[in-house]
Amino acid sequence: AGGGRMIERLRKWYYNAAGFNKLGLMRDDTLHEDDDVKEALKRLPEHLYNARVFRIKRALDLSLKHQILPKDQWVKYEEDHHYLEPYLKEVIRERHEREAWNKK
């Protein structure tokens, strides 16, 4: 049980050390946009897509100004949900299915 808590503390430390949360970004906002991610983004509900675009534009603006958000506006580890993950898993599953079908 103690090892699990240590790993969780390490994850939180790494999350904060990465720094994207200080710009108001979530982990899924930082994913490299390969073909799978681009397709998953197309499947996002409009409100999630719009929220992502807002966060990215705000982060770009802050970065250009060499600023970060006030600490009370940083995305907290516990609040960062993987909003893109279900869509991305579906896209990858479909791609693997297509690839397997094309091999036949």
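The values are calculated or read from the model by the stated rules, or taken from the named source; none is laboratory data. As the structure is a computational prediction, the values presented were derived from the model and not from experiment. Cβ sites come from the backbone with ideal geometry, for glycine too, and all protein chains shown count toward neighbours. Note: areas computed on protein heavy atoms with side chains; ligands, DNA, RNA excluded. Shrake-Rupley method; radii C 1.70, N 1.55, O 1.52, S 1.80 Å.
Go through the chain and tell me which helices (runs of 4 or more DSSP H), entirely inside it, have 2 or more residues that are open to solvent by less than 50 Å² (accessible area, probe 1.4 Å) and touching a helix residue (DSSP H, G or I) at 6+ places or on another chain (Cβ under 9 Å).
Values: elements: 2-18, 35-43, 46-64, 85-103.
The helices (runs of 4 or more DSSP H) meeting that bar are 35-43, 46-64, 85-103.
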What are the residue pairs meeting all of these: first residue in region 67-80, first residue farther than 12 Å from G19 by Cα and charged (D, E, K, R), second residue open to solvent by less than 70 Å² (accessible area, probe 1.4 Å) and at pLDDT 95 or above, Cβ atoms under 6 Å, and 6 or more apart or on different chains?
-> D80/M26
